[in-house]
Each structure stands twice: as C-alpha cells, then as structure tokens.
Amino acid sequence: MISKPKTMEGSSPRVYIKTFGCQMNKLDTELSIGSLAKRGYSFAEDENDADVILLNTCSVRDKAEHKVYSQLGSLRYQKERNPELILGVLGCMAQNEGEKIFKRMPHVNLVCGTRMFSKLPELLEKITESNKQILAIDEDGEVNFDRLVTQRQNQYSAFVSIMRGCDNYCSYCIVPYVRGREFSRSVTDIVDEVKGLVDDGCKEITLLGQNVNSYGKGLTGKVTLATLLRELDPIEGLERIHFLTSHPKDMTREILEAVGELPGVCEYLHMPAQSGSDKILKKMRRQYTSAHYRELVEMAKSIVPGIKLAGDFIVGFPGETEEDFEETVKLLNDVRCQNSFIFKYSPRTGTSATELIDDVIEETKKSRNNILLELQKRISTEENKKMHGKSVEVLVEGESKTNAGRLIGRTRQNQIVVFNQPEGINQAGTSSSLSGKLVNIEIVDSTDLTLFGDLRDFSFNEMAH
Ligand code: 5AD
Ligand code: SF4
C-alpha cells in the first residue's frame, strides 16, 4: 500500500523527471516541474533519492521507444526495493503506446499523454490515494501553456511554445498522431510570457513549434511568425530570439525579411530538407522540391547575411535508390548546413509510409547514414575554420565542464564557443559574473562542433547592452 502524499504530512514528495527527445519535450518537462512545484512537490537531483520517477518520452523513432522500455525494465528492481516509488511514463510514447505500457511493464503506475501534463499533480495524488494504475491519454485534453517563469533549467535562456501539434502528416512521421492538431497560441499570451521571462533575467528565447512557419493559422487577423517576431523584438532586455522548426513549404520572404531586419532575431534557421530527391520528397509528402529548398536557402543567404542553416535528413526511406541518395549528398554539399541531424528511416505503426515496403536494408541505411555524417563533419570543420581570426558575439553560459578554467557560451548561430579569459578577470575570480553577459570573442581555433577563442576586452558589450 502506498502511503499518503507526503505533502499532506509536511514533507513534500521528491520528483525526478528524465527527458528523452526534442526541445518540445524539454519544455514540457519544465512546465510539469512548474505545475508540480506549485502543488508543493520538490525535486530530486538523483533518481535514487526520488519518491516519484517520471520518464518524459519520445516516439519519433523505434529506438527511442526501445530505450524507454529498457529503462522501465531496470526500474523494476528499484520499485521492488521501494514499493512506494511511483513510476510514470509521460508524453509521446505514453500517447502512442497507452495501455500496452501497463501490459509490458506492470510496475508502472501512470501513463500520461501529451495533452494531460497540466493534470499531473492531481494524477499523482490519485495514485497515492488509491494505489491504482492510471491511464490518462485523453485526445481532447486541453493543452496548457501555463508556466512558472522562475522554474527553468537555464537562467538566461528559455524555450517558449508558440504552437502545438502538427497538421502536415509527412508520411513517415508519428508526431501528428501523438501531439494532435496544430494550434497556435495568441500573440498576447506569448508576449506576456516572454516579458515575464525577461523580468526574471532571461536574455534569450527560443520559440518552439513543430512547424513555426505556419504560426498564426486559426488566429484572428493577419498573424504570422513575422508579425510575432516584430512584436517580440522590441522587448527591453531581450537580446536574442531563435525559432524552430521551420518547414520549407511554409517559409516566406516576409519571415526572412523579419530575420534580416530585426536586431534581436538570430541568423539561424533549422529547416529540415529530409531528402534531396524529388521522388522521395513526394513519397514523404513534404510538399516541396529540392529546387525549391535550394531557392529558399539562396533567398535566406541573400536577405540575411551570415545566416547558418541546420537540417534534418532521413536516409533509407522506402524506395531510396543509390541515385536518390546521391541527390541528398549533393543537396547537403550545395547548401552547406552548419550542422545536421541525420536519421535512418524507422517505420512507425499508423503512419502512411508503413504501406510502402521498407526495402532499404539496414546495412545500406547505416552506410548512407555514415556517409552523410562524414560529409556534414567535413563541411562543419571547413566552415568553422573560416571563422578563425574573426570576432563573434557570445552569450556566456558559465564555466566549461570539460575545459577546466575556461568559459563556455554560444554565438547567435547557436555554435558552442569555449574561451579563455584575460588574466585579470581570471585572477579576480569574476568568471561567474560574466554568465549571462554578451561578450566578443576572437576565434583562434576550432573543431567541427566547437569554436575556441579568447576574450580580449570585456567592458564594451556590457555598455552596449
Ligand atoms: N524515421 C526516421 N526519422 C524520422 N524523423 C521523423 N520521423 C522519422 C522516422 N519515422 C526525423 C525527421 C524529423 C526529425 C525530428 O526526426 O528528420 O525532422
Ligand atoms: Fe512530423 Fe512533418 Fe509535422 Fe515535422 S512537419 S512534425 S516531420 S508531420
């Protein structure tokens, strides 16, 4: 029998949430932490100290679900040692697998889908009182965007959800089934949330949605991502605005012009191409051609000087021949993404691509994956070398964990920069006072993933911002 909620006995239950998958999931975790904190829950640093362990899950590829099942398998022993432990599965896999999770993992107490996060405190209390398993995957559940601005992972940087769900139904993708129909938040709500975050010390925001380029659909008046960016840019104290993910079919000149004109909006686009072959793009139901993707990249580079691009690619989609794959290689070679997320096609039950035969053998998928990874690595290395000798604006995050004595931050294009401080600053022990500040760093070295540099002078940007 599970004991009474500890909130009622004076000491609050400690929750540990482990997050899998995309930024959207990281944000959902933050929102859940906020709503649990409001109800008196506290949080454990380590899962071994927790009274409640929640796994916030991803379903986008089969491997992601396997990982969660294997974690749940290991947690069985923890539960045997501590029968009062509450174990919950949240998010996309909870929505996708539902009841099946209880069948495979009978020691799980809660399965809570993507639209039930706001009910989390009540659900946990119900489990504690009744000791019964709860399945909460209501498809009509309301999406709740409420947040405690003070409850976030990074003091200076925050994710802000501007829309939920997706109506695109790309043939390989499970997201529309687990996250539901597309829904845009009102401009006022977003602006209010961002102002609250900035008042709490936040300098940088990342606007999140499955397809932010179609933001505004369903709202009254002419509301677009570009108009939203124009509302957010003037907010005093907000230094940087990022947005992701951009679907090529909905990218417009208007959005790119806003990125080019607005000083706070960063020169970075996460715009998945998925494939360079028109035949495969059609089978994927992406609604653009490889030529259109190239035109968009050209337009972006001409309107926004210095813009960097991140892409997603899927290799080994059904019917992908060597020639189709070569077109993907050529596309990446031509557009030269700064970084890419490269995936082997994984059939997802319920999606329309499962009607096609998964005919590219695993070995070929693997080798195509490696070829693209190698190519991306070469491009990133070459592009980073071009930065040597240049000065870049860096938002300082703090001390580097892997490079003792050095600091770490990010450029406006989301590149990691590890840098040395001038002697005086270092000795005075003021490194932590640079956290959250914008500084200019001269780049002297690099790898494919990291820029290395020196902070020569640190008085300037303090005054500029
Ligand atoms: N198989 C492989 N990759 C996928 N993605 C989405 N669904 C699948 C799938 N079934 C990739 C796409 C998308 C990213 C988030 O995950 O590239 O942009
Ligand atoms: Fe999935 Fe396509 Fe929607 Fe992206 S746009 S979430 S790939 S269905």
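Since every read-out is calculated from the coordinates, none of them should be taken as a lab result. From a predicted model like this one, the values you see are computed outputs, not experimental measurements. Ideal geometry is used to build each Cβ from the backbone, glycine not excepted, and the neighbour counts take in all protein chains shown.
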Would you mind computing, in nm to one decimal, how far apart the modelled labels at Glu261 and Asp189 are, each placed 7 Å from Cα along Cα→Cβ? 2.7
Return, in residue-number order, each cysteine of the chain whose C-beta is not under 4.7 Å from any other cysteine's C-beta. Cys22, Cys58, Cys92, Cys112, Cys166, Cys202, Cys266, Cys337
Going Cα to Cα from Lys132, which lysines come in below 19 Å? Please leave out same-chain ones fewer than 8 positions away. Lys4, Lys6, Lys79, Lys100, Lys103, Lys119
By the gyration tensor of its Cα atoms, with a ≥ b ≥ c the square roots of the eigenvalues, what is the shape of the range 14-136: rounded for a/c under 1.5, prolate for a/b over b/c, or oblate? rounded
Take the alpha carbon atoms of the range 59-131, find their center, do the same for the range 240-277, and report the distance between the two centers in whole angstrom. 36
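Over the chain, what is the percentage of antiparallel beta bridges among all DSSP beta bridges, to the nearest 5?
Values: 20 of 65 bridges.
In the chain, approximately 30 percent of DSSP beta bridges are antiparallel ones.
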Could the peptides 125-133, 96-104, 51-59, 407-415 be put in order, highest first, of the mean number of other beta-carbon atoms found within 10 Å of their residues? 51-59, 407-415, 96-104, 125-133
Whichever lysines have a C-alpha closer than 28 Å to that of Lys390, once near sequence neighbours (fewer than 8 apart) are set aside: Lys203, Lys301, Lys308, Lys377, Lys401, Lys437
Quick one: go through the range 70-113 and flag any residue whose amide nitrogen is under 20 Å from the point 7 Å out along the Cα-to-Cβ line of Lys63. 70-73, 92-94
Run the helix sum for the chain: -39,500 (n - 2.57) per DSSP H stretch of 4+ residues, divided by residue count, reported at 222 nm to the nearest 500 deg cm²/dmol. -10500 deg cm²/dmol
Percent of all alpha-carbon pairs of the chain at distances over 37 Å, whole number, is 32
